[in-house]
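One structure is given below, represented as structure tokens, and several questions about it will come after.
The values are calculated or read from the model by the stated rules, or taken from the named source; none is laboratory data. This structure is a prediction, so every number in the text was calculated from the model and none was measured. For neighbour counting, all protein chains shown are included, and Cβ atoms are generated from backbone atoms with ideal geometry for every residue, glycine included. Protein only, heavy atoms only, side chains kept; ligands, DNA and RNA dropped before computing areas. Shrake-Rupley method; radii C 1.70, N 1.55, O 1.52, S 1.80 Å.
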Amino acid sequence: MSDFEYAPAPESKAIANISKDYGLFINGKFIASHNKKRFETINPANEEVLAKISLADEVDIDKAVKAARSAYVKVWSKLSGKERAKYLFRIARLLQERSREFAVVESLDNGKPIRETRDIDIPLSAAHFFYHAGWADKLEFAGFGDKPKAHGVVAQIIPWNFPLLMLAWKIAPALATGNTVVLKPAETTPLTALLFAEVCQQADLPPGVVNIITGDGSTGAALVKHPDIDKVAFTGSTEVGKLIARSLAVSNTPVTLELGGKGANIVFEDAPIDQAVEGIINGIFFNQGHVCCAGSRLLLQENIHDEFLNKLQKRMSKIRLGDPLDKNTDIGAINSAAQLAKIHELSSSGQAEGADIWSAPCQIPNKGFWFAPTIFKGVTQAHRIAREEIFGPVLSVLTFRTPQEAIEKANNTPFGLSAGVWTDKGSRILWAGNHLKAGVIWANTFNKFDPASPFGGYKESGWGREGGRHGLGAYLKGAK
Amino acid sequence: MSLDIKKTYKLFIAGAFPRSESGRSYEIRDKKGNFIANPAQASRKDLRDAVLAAKNAHSSWASATAYNRGQILYRIAEIMEGRSEQFVAEIMAMESVSSKQAQLQVRQAIDTWVWYAGWSDKISTIAGSTNPVAGSFFNFTVAEPLGVVGIVAEEKSSLLGVVLGLAPVLAAGNCAVLIASQKRPLSAITLAECLATSDVPAGVVNILTGLSDELTPHLASHMEIDGLDLSGVDGKSAAALRISSVDNLKRVHSFSAEKSPERILSFMEYKTLWHPIGV
Amino acid sequence: MSALNLIDGSETSLRRFLQTLPGVDQIGAQERAAMLGTRSIKTTSKKWAIDMAISMIDLTTLEGADTAGKVRSLCSKALRPDPQDASIPHVGAVCVYNDMVGIARKHLDSIGGQSIPVAAVATAFPSGRASRKVKLQDTKDAISLGATEIDMVIDRGAFLSGQLGEVFDEIRAIKEICSDKAHLKVILETGELVTLDNVRKASYLAMLAGADFIKTSTGKVTPAATAPVVLVMLEAVRDFFELSQIRIGVKPAGGIRTTKDAIKQLVLVKEIAGAEWLNPELFRIGASALLNDLLMQRMKLSTGRYSSANYVTVD
């Protein structure tokens, strides 16, 4: 009897209308950058060039900030919350209408599987706008005083791991609270942000309320230093987050930061084992592990170590790596050559330090950037791969003997973004939840996101929260 | 006539009143130049000890019930009430204000403890939430204490400034390392004597006197400190402290001299927990 | 039988063993099943899946109104699902009430369907509410009439009231009658067990007692073969194999009506239990209407146009 191999089921690329080149979106229009410099954005799954992107410099940034300021003063700050809400609702609907197109473009530009862009990134992005639309005319009830006030012009810098979703996390609350925005998408994933600029046009959003400037790290650095910025929001690495925080220390500009993590996923002996295996898989292999809140450290109770790893490895062997546009792909391409190199470097250090490596048997495509789902067994807290964020599909497996030891190890990190707890015992969940130093705790589940749920980290994982009532505070003056 | 017994103003670390390990003290005088006292001049090692004491005290203070913390904060007010005269005399000497003004400040300081005592078991109700996520999950957010907070108290009203700094930090369940005003440190130390006799566990509050410029940079850069209240630092110095506080991404705030629940929340951290709802 | 080394047959040891099973988180199981439900099966793999699904069907009629005529036409359809296309495999078995077994067997033999087994529902199907004596006789009758597969129901009342030994002994007793003459499928009636924890426990209980197959439902109770239930049962047979080196079959029944439903089942089998279970010896689908939908989808694959119910037979 032949095996039930899944024939390729590729999503059509035809729906993605990607232009050959893109200008900067400033004051409601796409315009050429001042210095005419361009860079290419490529498909990490095959290294083909997708489009040429403008590289914004200080002159362009100044233009964008001025457009945002003018839009704030003349239009947006004068608009009632009710009217702002209508724009946000429109944007949410437009994203839903164009969801398949966004999903395909996101997969092409980022390398993540279409299943995830289709089922998670794009619907959640629309949900964020829908959720925050509802806040726009209810801010006085949000617990930030009778007359909550916007900052003004907000600079936002987002990462490449969830390009459109991070844009939504940033722009939706900023607009709902009455700010105008200059947003810089990541260098390697600018396309959905530029597509979003078209959505702003279709929504008739007043020019200058949202400005999208593309570029590299220098563009971002210049943006946060612009003197007419009232607030900065950044999602990315802890290293860059600290640079931004220092550069704004003198002006004391309000900053929110969503930074790195080294989340512990703790599995107790009484866990619902099959769901825990799924949770570990989802915790570290979702989005190729390019997730700041990834459960990158598996903490296993020692008495179930062998049994659990046996199940985990069998499950990992069923992960389908390949063409991001194939609907049956579970794990796509690593976003860039640079990120792949970083994963290789840390992975090598794990081997050099004596941890036991095992990778799922995957056919690695010839072109593009790929890394097979990998676990390291026999890792201790003293290994680099237990301390540093790998931001790739690499799981470090550690053990513990008692609940206290599990918590101690889980908290033994400068980060504090996420943690997972797997046990059937209710009181232990609440006990662990109490003691874990992390902003988001998933108990008997992992990597769940919702616009109504605040997200953000303790310690070096960042400042502030995004989402929910609490996330609004970041975009209102004086709110804590 | 008998001679006054004068007080030696010492540091307050881990529930004890040591002199500075450096053996140093410095002189403070009133506006007219009259000698007031020789408070201890803390060193960075004293600061290190204070931070360690705060760190060690944190887990049990944070896990005390909010009701219990509220009672302890209220107890501080009770004990201060009995020391009113001493506070008034010190404020008059340091701040050159009338006894009426000094009495008003002491009144406000005591009332501030009472006000924050009541907040300890309410702040989480006000600030927490259950979040209606789109899925079969119970999702809630709670506010938790941050850990160790460094405080440079506002010194215009030297007692009130100290209490405005400490009370919200304690109400939240944090431990504090407070650097008293360099010029007006006496109220802080007398307050420490109240704290030591009002059921505040040792190490929950630690108070240092000395030279601000010598101590605050170490407060800002210390990696065990999670939050900073820079209300008593002027703009220029604050910028430098903010820069070094970035090393471990401390939560840094400055406040106007008012009480507010935001002062509590500034040193709390929101934690969100998800759990499936199933049978 | 090595599986029995896990317990000594006493209720205490059975209870103790079942307590060692990890819990099932319902939401997590639903999510996993839903995610596998998004697998997109196209072209060659779809054709393979359709033929495989046909060969796995226990073509079923379990009506009070069943007659000899109805059963005979069902048997004809079982052998030649599409009289105009001989490349289509026959189904896995026909499944009838015990008094129809003889008719079905005789008809199948007379039309060249000797290789198609007849399955009989037994043990006071569907409720199972009868004396042990009646249930045993029911089974004996079916086998003597030519049934080589017995679909028994467990005593859900006993299970839910904690009389696990009672349920276990009953399965053992039926298994003894089946011995090497008939394959035993044990129907858990998961719609009445309600929780996935119960599904897992009942699955193990049945396997320990000697089931050759575990089957979701009678088809008379909803919900029946939901994806999370099948997922948990597939996990159970997979893990039981690790313990005993014995492969137990799984049979979802009830509510599987479309090709899409059937293919989702096959995806579950492949990704949860593994490819070893992808054959009629280890996976069956209890269904009736499903067959025609599979035939119509098969036509669509070969002609490129959507078919109509006029082009498949109603039996």
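If each of residue B:247 and residue B:100 carries a label point 7 Å out from its Cα toward its Cβ, how far apart are those two points in nm?
Rounded to a tenth, the inter-label distance reads 5.0 nm.
If you project the alpha carbons of the protein assembly as shown onto their three principal axes, what span does each projection cover, largest first, in Å?
In descending order, the Cα extents are 128, 72, 56 Å.
Please report, for the Cα atoms of region B:1-70, the Rg to one decimal and the Dmax as a whole number; what are they, in angstrom?
In Å, with Rg to one decimal and Dmax whole: 17.0, 52.
Please list the radius of gyration and Dmax for region A:100-189, considering alpha-carbon atoms only, with Å as the unit.
14.8, 45
Note the buried accessible area between C and A here, summed over both chains, with a 1.4 Å probe, in Å² to the nearest 100.
Numbers: alone 13500 and 19000 Å², together 29970 Å².
About 2500 Å² of accessible surface is lost on pairing.
Continuing with the same structure: Taking N as the number of residues in region C:1-83, what is its alpha-carbon radius of gyration divided by 2.2 N^0.38 Å? Working shown, then result.
On the way: Rg = 21.4 Å, N = 83, 2.2 N^0.38 = 11.8 Å.
Cα Rg divided by the expected 2.2 N^0.38 Å: 1.81.
Further question on the same structure: Please compute one quarter of the surface area of the Cα convex hull for region C:2-302 and express it in square nanometres.
On the way: hull surface 58.1 nm².
Answer in nm², one decimal: 14.5.
Okay, moving on. Above 22 angstrom, tally the Cα pairs of region C:1-157 and express them as a % of all pairs, no decimals.
Values: 7350 of 12246 pairs.
Looking at region C:1-157, the distances longer than 22 Å represent 60 percent of pairs.
What number results when the radius of gyration of chain A, computed over Cα atoms, is divided by 2.2 N^0.38 Å? Intermediate results must be reported in sequence, preceding the final value.
Values: Rg = 22.1 Å, N = 480, 2.2 N^0.38 = 23.0 Å.
Rounded to two decimals, the normalised Rg is 0.96.
Let me ask you something else. With r defined as the distance between the Cβ atoms of residue A:49 and residue C:301 and R0 fixed at 45 Å, what FRET efficiency is calculated, to the nearest 0.05?
Values: r = 38 Å, r/R0 = 0.84.
Approximately 0.75, to the nearest 0.05.
Solvent-accessible area of residue C:298, probe 1.4 Å, all protein chains present, reported in Å² to the nearest ten, please.
Accessible area of residue C:298: about 30 Å².
Oh, and also: Give the range of the longest stretch in chain A that excludes all GluC sites (Glu not before Pro) found in loop regions by DSSP and having at most 14 other beta-carbon atoms within 10 Å.
The answer is A:48-480.
Evaluate the relative contact order of region A:92-135 (contact order divided by residue number), counting alpha-carbon pairs under 8 angstrom at least 6 apart; express in whole percent.
Across region A:92-135, relative contact order equals 49 percent.
Would you grab the residues whose amide H sits under 5 Å from the one on residue A:233? Only those 5+ places off in sequence or on another chain, please, with H modelled 1.01 Å from N.
It is A:155, A:156, A:157, A:256, by chain and number.
I need the trypsin sites (Lys or Arg not before Pro) found in region C:118-189, filtered to DSSP loop residues with at most 14 other beta carbons within 10 Å of theirs. List each step's numbers first, then the result.
Working: sites: C:129, C:132, C:133, C:135, C:140, C:156, C:172, C:175, C:181, C:185; in loops: C:129, C:181.
When the trypsin sites (Lys or Arg not before Pro) of region C:118-189 are filtered for loop state and at most 14 Cβ neighbours within 10 Å, C:129, C:181 remain.
Which whole-number percent of Cα pairs in region A:203-292 have a distance greater than 14 Å? Write out the running numbers ahead of the final one.
Working: 3001 of 4005 pairs.
When all Cα pairs of region A:203-292 are counted, 75 percent exceed 14 Å.
Can you list, largest first and rounded to whole Å, the semi-axes you get for region B:58-116 by taking the square root of 5 times each eigenvalue of its Cα gyration tensor?
Numbers: eigenvalues 165, 21, 16 Å².
Ellipsoid half-lengths, sorted descending, are 29, 10, 9 Å.
Sticking with this one: If you take the square roots of the eigenvalues of the alpha-carbon gyration tensor of region C:240-307 and sort them as a ≥ b ≥ c, do you get rounded (a/c under 1.5), prolate (a/b over b/c) or oblate?
Values: a/c = 3.23, a/b = 2.23, b/c = 1.45.
The shape class here is prolate.
Another question, then. Where the Cα atoms of region B:180-239 are projected onto their three principal axes, how long is each span, largest first, in whole Å?
So the extents along the principal axes, rounded to whole Å, are 37, 27, 17.
Could you compute Rg(Cα) / (2.2 N^0.38 Å) for region B:35-276, with N its residue count? Don't skip to the end; give the middle numbers.
Details: Rg = 18.0 Å, N = 242, 2.2 N^0.38 = 17.7 Å.
Cα Rg divided by the expected 2.2 N^0.38 Å: 1.01.
Apply the Debye scattering formula to region B:116-222, with a single equal point scatterer on each alpha-carbon and no solvent, then give log10 I(q)/I(0) at q = 0.20, 0.21, 0.23, 0.24 Å⁻¹.
Result of the Debye calculation: -1.03, -1.11, -1.26, -1.32.
Does a label point 7 Å from the Cα of residue C:141, set along Cα-to-beta-carbon, have any residues of region C:71-103 with amide nitrogen under 19 Å, and which are they?
Under 19 Å, as judged by backbone N against the label point of residue C:141, lie C:71-72, C:95-103 of region C:71-103.
Please give the average number of partner chain Cβ atoms lying within 10 Å of the Cβ of each residue in B:238-249, rounded to a whole number. If you can, show how the numbers build up before the last one.
Details: counts 3, 5, 2, 1, 6, 6, 2, 3, 10, 4, 4, 15.
Per residue, the average neighbour count from other chains is 5.
Between residue A:15 and residue A:237, how high is the FRET efficiency from 1/(1 + (r/R0)^6) when r is the Cβ-Cβ distance and R₀ = 35 Å? Nearest 0.05. Working shown, then result.
Working: r = 33 Å, r/R0 = 0.94.
Working from the Cβ atoms, E equals 0.60.
Right, here's the next one. Order C:311, C:306, A:22 by their accessible area, 1.4 angstrom probe, all chains in place, largest first.
Working: C:311 150, C:306 180, A:22 15 Å².
Largest to smallest exposure gives the sequence C:306, C:311, A:22.
Restricting the count to DSSP beta bridges whose residues both fall in the protein assembly as shown, what percent are antiparallel, rounded to a multiple of 5?
Details: 35 of 118 bridges.
Bridges in the protein assembly as shown that DSSP calls antiparallel: roughly 30 percent.
Once you keep just the Cα pairs under 8 angstrom separated by 6 or more residues, what percentage relative contact order results for chain A?
Normalised by residue count, the contact order of chain A is 18 percent.
Using only alpha carbon pairs under 8 Å that are at least six residues apart, calculate the relative contact order of chain B and give it in whole percent. Working shown, then result.
On the way: 575 pairs, mean separation 70.7, N = 279.
So the answer I get is 25 percent.
Something else now. Please compute how much accessible surface disappears when A pairs with B, both sides summed, using a 1.4 Å probe, and round it to the nearest 100 Å². Write down the numbers at each step before the final one.
On the way: alone 19000 and 13360 Å², together 29240 Å².
Summing both chains' loss of accessible area gives about 3100 Å².
In whole angstrom, and with the biggest value first, how far do the Cα coordinates of region A:264-443 range along each principal axis?
Computed over region A:264-443, the largest-to-smallest principal extents equal 49, 31, 29 Å.
For region C:116-212, what value does the Rg/Rh ratio take when both radii are computed over Cα atoms and Rh is the Kirkwood radius, given to two decimals? Could the numbers behind the result be given before it?
Details: Rg = 12.5 Å, Rh = 13.1 Å.
Here the Rg-to-Rh quotient is 0.95.
Taking only protein heavy atoms into account and a 1.4 Å probe, give the accessible area per residue of the protein assembly as shown in Å². List each step's numbers first, then the result.
Values: 39810 Å² over 1074 residues.
On a per-residue basis, the protein assembly as shown sits at 37 Å².
Please figure out what share of the DSSP beta bridges in chain B is antiparallel and state it in percent, rounded to the nearest 5. Before the final figure, lay out the partial values.
Numbers: 16 of 31 bridges.
Taking every DSSP beta bridge with both residues in chain B, the antiparallel ones total about 50 percent.
Quick query: amide H of residue B:144 versus all other amide H atoms, modeled in the peptide plane; which residues come in under 5 Å with a sequence gap of 5 or more or a different chain?
It is B:269, B:270, B:271, by chain and number.
To continue, here is another question. Out of every Cα pair in region A:344-465, what percent are spaced more than 22 Å from each other?
Values: 3357 of 7381 pairs.
Cα-Cα pairs of region A:344-465 separated by over 22 Å account for 45 percent.
Given only helices, namely DSSP H runs of n ≥ 4 each adding -39500 (n - 2.57), what is the per-residue ellipticity at 222 nm of chain A, to the nearest 500 deg cm²/dmol? Don't skip to the answer; put the middle values down first.
Working: 15 runs with 174 residues, N = 480.
Rounded to the nearest 500, the figure is -11000 deg cm²/dmol.
Evaluate E = 1/(1 + (r/R0)^6) for residue C:12 and residue B:279, where r is the Cβ-Cβ distance and R0 equals 30 Å; express this FRET efficiency to the nearest 0.05.
Values: r = 27 Å, r/R0 = 0.89.
In this case the efficiency is close to 0.65.
So, one more: Across the residues of A:461-470, average count of Cβ atoms on other protein chains within 10 Å? Please report the intermediate quantities before stating the final value.
Details: counts 1, 1, 4, 2, 4, 0, 4, 8, 5, 9.
The shielding value for this peptide is 4.
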